[in-house]
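I have placed the structure first, in the form of structure tokens, so that the comments after it can refer back to it.
Laboratory data are not the source of any read-out in this text; all were calculated from the coordinates shown. Since we're looking at a predicted model, the values are computed, not measured.
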Amino acid sequence: MTFRKYLVLAGVTLCASIGDSLLSRGMKQVGNISLNHLHDLILAVLNPSVALGILLLLGFFASYMTALSWADLTYVLPATSLGYVLLTLIAKFYLHEAVTTSRWIGILLISAGVGFVTQGPALTHHPAQAQPNERACEPASAAGRNDERQTMRAKR
Amino acid sequence: MKQAYAWSAIAAIVLASTTGDVLLSRAMKQVGDVGELWRQSGLWTLLGRVLRNPNFLLGVLAMTAAFYSLLFGLSWGDVSLIAPASASLTFVTNAIAAKIFLHERVDHRRWMAAVLVAGGVVLLAA
């Protein structure tokens with residue numbers, strides 16, 4: 001893991017949390033949408049908060065895809081969950097909201113989870129690229145071979 | 001009745017976003033390291049390779065379904081139920097799906113991380 005890769009993970013975290021809160025605010029402004037008026041759902045995009053939220057979620061998507069290109073899904077998801085912690089800290093210190101004890105415990109749990117996952121390797125290695133001491137994942141290698149076989153078949 | 005709507009929205013979000021995450025993760029592993037590809041062959045080649053990947057397109061489709069289920073859910077039910085419930089369940093279902101379909105090595109550290117984060121997300125909304 002390089003500094004640049006940690007920056008990408010930070011991008012995933014920030015864009016997702018800020019984008020989600022903007023979407024939530026926007027949809028509250030739009031109001032209830034019923035199944036009989038589906039076009040309201042498309043018009044919801046015209047709300048500025050929803051539009052900005054979608055823009056940030058596009059940024060999230062780009063950095064998320066980048067992260068997934070060099071790290072496992074089960075690494076990226078917990079590692080970027082610090083956004084929840086960030087939102088609570090913003091609520092506490094910027095918006096001066098009361099943060100209950102159970103929320104602080106929630107923050108502790110998430111931080112512990114992030115600590116756990118970032119201690120381990122970011123990617124399940126295939127034997128071809130694995131170091132000798134990391135060769136403990138036969139299922140991944142089997143999947144890799146299957147994928148290669150499928151690609152070969154597709155080419156034929 | 002409102003609760004039933006909310007929980008069916010949650011189920012739809014969890015199912016669609018887990019499917020999407022797995023497909024997108026598989027697609028990006030097939031594409032390869034984005035940073036290296038960009039340096040070696042430029043942005044357009046990189047974008048072309050990503051956008052032509054069938055898993056990527058299916059993944060985006062699943063994510064779109066998850067996104068609209070979330071919008072529906074948020075307009076019907078409480079954000080304090082739907083957002084954390086779907087988010088925390090997705091961490092656990094993703095760990096299971098990544099192990100089964102992506103053959104990722106989900107060791108005790110990653111299980112602990114998924115469960116701790118899922119629990120933490122629920123507590124944050126409590």
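Of note:
- In sequence order, segment A:12-19 has phi-based couplings of 4, 4, 5, 4, 5, 6, 5, x Hz under the Karplus curve 6.51 cos²θ - 1.76 cosθ + 1.60, θ = phi - 60°, and Gly or Pro positions carry x.
- Stokes-Einstein translational diffusion, segment B:1-123 - Kirkwood Rh over all Cα pairs, 1.306 mPa s, 10 °C, in µm²/s: 101
- Vicinal HN-Hα couplings computed from phi for segment B:43-51 (Karplus, 6.51 cos²θ - 1.76 cosθ + 1.60; Hz; Gly/Pro x): 5, 5, 4, 4, 4, x, 5, 5, 6
- Amide H within-cut-off set for residue B:105, under 5 Å, with H built and near neighbours excluded: A:124
- For the residue pairs A:28/B:99; A:28/A:92; A:5/B:99, the alpha carbons lie more than 29 Å apart in A:28/B:99.
- Spherically averaged projected area of the convex hull of Cα atoms, the protein assembly as shown: 16.6 nm².
- Estimated vicinal HN-Hα couplings, Hz - segment B:62-69 in sequence order (Karplus 6.51, -1.76, 1.60; Gly, Pro = x): 5, 5, 5, 4, 5, 4, 5, 4
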